[in-house]
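See below for the structure under consideration.
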Amino acid sequence: MLNDQLYDVVVIGGGPAGMTAAWELREKKILLLEKQDRLGGRLHSIKMGDYWLNLGGHLFPQPGSHVRNMMSSLGLEVIEIPGNKFAIWFDGKVHSPKSAMLMPLILPLTLIERVSFVRIGLRLMTSVKGWRKVLLPVANETPMRRRERVARFMSDFSFRDFLGRPAGRIDNLFSTALRRAAVDVEDQTAGVGVSLFGTVWGGKGSTALNLKGGSGRLGEEVAKALGERVILGTTVTDVIDEGGQVIVDYERNGQRETVRARQVIVTTPAFVTRQIVKSLPADVDKTLQGVQYGPFVSMGIITDEVSPMPFDDIYAVTTPGASFDMLFNHANPLRVKDGKRNPGGSLMVYRGGRGAGELLKLSEQEIQERFLADLLKIYPMLAGHITETRIAKWTPGNACRAVNFNFDPILEYCCRADIKIDLAGDYFAEIGNMEIAAASAHDSVMRVRERLRSS
Ligand SMILES: Cc1cc2nc3c(=O)[nH]c(=O)nc-3n(C[C@H](O)[C@H](O)[C@H](O)COP(=O)(O)OP(=O)(O)OC[C@H]3O[C@@H](n4cnc5c(N)ncnc54)[C@H](O)[C@@H]3O)c2cc1C
């Protein structure tokens with residue numbers, strides 16, 4: 001079926017990149033096509049009474065970011081996460097130092113492990129300083145070029161090469177923490193690992209933030225505000241530049257449909273993009289093929305305890321040795337300081353990298369059993385208080401650059417004045433997150449506006 005309207009811009013994919021593109025172009029004649037029955041992509045939460053069950057992205061960027069600008073114009077508020085972000089389950093106990101720097105001092109380690117930990121910690125601190133220098137803006141550099149320069153930082157060797165073979169349990173401790181990238185230390189650049197420590201463990205002055213009500217609200221509000229300009233449950237199969245205009249074919253409710261546009265922004269994961277966009281230049285196609293995504297398996301957990309829990313003041317626990325890598329207390333930002341603690345709670349656990357790849361082969365029930373068994377080892381007091389769980393198998397989980405990856409062909413392609421199919425997504429940096437996705441979409445919007453003006 002042919003929709004005989006000609007759109008200024010069709011946006012494909014409704015994650016943070018697609019939502020940003022459609023939102024910024026909302027004064028134009030636009031259409032946003034999304035495969036799922038919701039917007040948000042890898043940001044996903046479900047409201048559960050006072051709490052929300054979280055399955056995907058949850059840490060939101062600071063004011064002034066593209067995501068926050070979109071949220072402000074939609075009237076969405078962030079909520080500060082006061083709890084400890086450096087807790088670690090180690091030797092059968094949860095330790096929650098005030099700073100990551102104190103970890104080598106407070107953990108029950110052998111002398112060799114402690115020395116090994118301190119040595120790596122010092123090298124990391126030096127490298128994080130180097131990374132912060134690289135982050136400083138350079139005159140006349142576009143944001144896209146700046147991201148690319150930052151992505152080249154320590155990109156020619158792996159984080160495993162950086163780490164070497166730490167003593168005893170220290171190896172597993174770092175490997176577990178670094179699977180935040182959704183890939184193991186062997187599969188990420190040293191720069192990715194250093195930047196993760198720089199932002200998550202070593203960040204000074206920046207407050208951790210979530211979206212009040214859960215990250216899923218962003219997609220809900222964008223869908224509401226854009227109304228009929230969003231079509232959900234729509235799988236785009238072909239995007240073809242036919243010279244004068246772009247033809248977009250999609251399937252919806254078993255029907256094949258077609259729309260036409262002057263410009264298209266494709267924000268699907270790189271491997272989908274190369275399948276659906278026909279006739280991409282060979283070097284762009286090859287580069288998209290090389291974009292690496294690691295998997296995540298996450299489980300959201302709703303609990304019904306009525307009295308305080310030992311994790312009430314904790315937001316994140318790294319869990320080396322468990323079937324999951326991290327445990328998050330999503331109810332932490334809602335805990336009040338005046339002594340009144342609302343009943344119930346919301347937790348989330350996830351596993352990334354090769355271990356997640358193994359979990360993906362299991363049924364949801366088997367994953368749930370493994371995750372719950374380990375959760376109860378860490379916090380036995382939760383026995384009998386778990387009322388609901390939900391598993392999410394994320395493939396892709398996160399975009400993360402492999403060693404020596406060259407992204408230039410995509411940057412050169414996107415900057416061309418003559419193209420009608422532009423690209424965006426979280427793979428436009430060394431490691432993906434919602435702000436990278438949104439920023440790449442903002443860049444794309446600027447280029448598309450320019451092409452619309454001059455066509
Ligand atoms: C468990 C987990 C935790 C995370 N934690 C954080 C965090 O705390 N903070 C953070 O900033 N980031 C986090 N991230 C990463 C963040 O969610 C992603 O970087 C971000 O969602 C990428 O946005 P995107 O728009 O590029 O891609 P996506 O979010 O993947 O959106 C792409 C969209 O395209 C749609 N699509 C795919 N194929 C088609 C097709 N053929 N036709 C139409 N539509 C299609 C998909 O359904 C999807 O909605 C996390 C991710 C996961 C999985």
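Every number in this text was worked out from the coordinates using simple rules, so none of it is lab data. Nothing here was measured: the structure is a model prediction, and the numbers come from that model. For neighbour counting, all protein chains shown are included, and Cβ atoms are generated from backbone atoms with ideal geometry for every residue, glycine included.
Note on the range 87-162 and the range 286-356: Cα centroid distance 21 Å, given to the nearest whole angstrom.
Under 5 Å from the amide H of ILE79 lie the amide H atoms of ASN210, LEU211, LYS212, each residue being 5 or more positions distant or on a separate chain, with H modelled from the backbone and absent for Pro and chain starts. Using alpha carbons only, how many angstrom separate the centre of the range 209-275 from the centre of the range 1-72? Cα centroid to Cα centroid, the span is 10 Å. For ALA402 and LYS340, a Förster radius of 45 Å and the Cβ-Cβ distance give a FRET efficiency of 0.35, rounded to the nearest 0.05.
Computed across the range 137-190, the Kirkwood radius stands at 12.6 Å (inverse of mean 1/r, all Cα pairs). Here the label points at SER454 and ARG256, each 7 Å from Cα along the C-beta direction, are separated by 3.6 nm in the simple model.
Counting other Cβ atoms within 10 Å as a rough exposure proxy, the listed residues SER96, SER65 run SER65, SER96 from fewest neighbours to most. Over the range 328-455, the hull volume per residue, using the convex hull of the C-alpha atoms, is 188 Å³.
When peptides 79-92, 383-396 are ranked by their average number of other Cβ atoms within 10 Å per residue, the highest-first order is 79-92, 383-396.
Shown for TRP23, TRP131: other C-beta atoms within 10 Å of each C-beta, ranked fewest to most, produce the order TRP131, TRP23. Its Cα gyration tensor gives the range 1-52 an equivalent ellipsoid, and the semi-axes of that ellipsoid, as √(5λ) in whole Å with the largest first, are 27, 13, 9.
How high is the FRET efficiency from ASP312 to LYS212, r the C-beta distance, R0 25 Å, rounded to 0.05? FRET efficiency, ASP312 to LYS212: 0.85. Partner aspartates and glutamates whose Cα lies under 12 Å from the Cα of LYS393, excluding those fewer than 8 positions away in the same chain, are identified as GLU358, GLU364. Modelled spin-label separation between GLU80 and LEU122, with each label point placed 7 Å from Cα along the Cα-to-Cβ direction: 3.5 nm.
Convex hull over the Cα atoms of the range 191-252, averaged projected area in nm²?
Over all viewing directions, the range 191-252 projects a mean Cα-hull area of 8.6 nm².
Cross-link list LYS35/LYS377; LYS98/LYS129; LYS212/LYS286: which exceed 31 angstrom alpha carbon to alpha carbon? Going by Cα-Cα distance, LYS35/LYS377; LYS212/LYS286 fall outside the 31 Å limit.
On the beta carbon distance between ASP91 and LEU362, with R0 = 25 Å, the FRET formula returns roughly 0.35.
Here, the range 56-109 yields an orientationally averaged convex hull projection of 5.5 nm² when only Cα atoms define the hull. Hey, fewest Cβ within 10 Å first, where do PHE159, PHE405 land in order? Listing PHE159, PHE405 from fewest to most nearby Cβ atoms yields PHE405, PHE159.
Between THR387 and ASP156, the modelled label-to-label distance comes to 5.7 nm, taking each label 7 Å out from Cα in the direction of the beta carbon. Diffusion coefficient of the range 398-452 by Stokes-Einstein, Kirkwood radius over Cα pairs, 10 °C, 1.306 mPa s: 135 µm²/s.
Pairwise Cα distances in the range 87-201 exceed 24 Å in 29 percent of cases. For the chain, the mean projected area of the C-alpha convex hull, equal to one quarter of the hull surface, is 21.9 nm². For the chain, the longest principal axis of the Cα atoms and the long axis of helix 111-135 meet at an angle of about 30 degrees.
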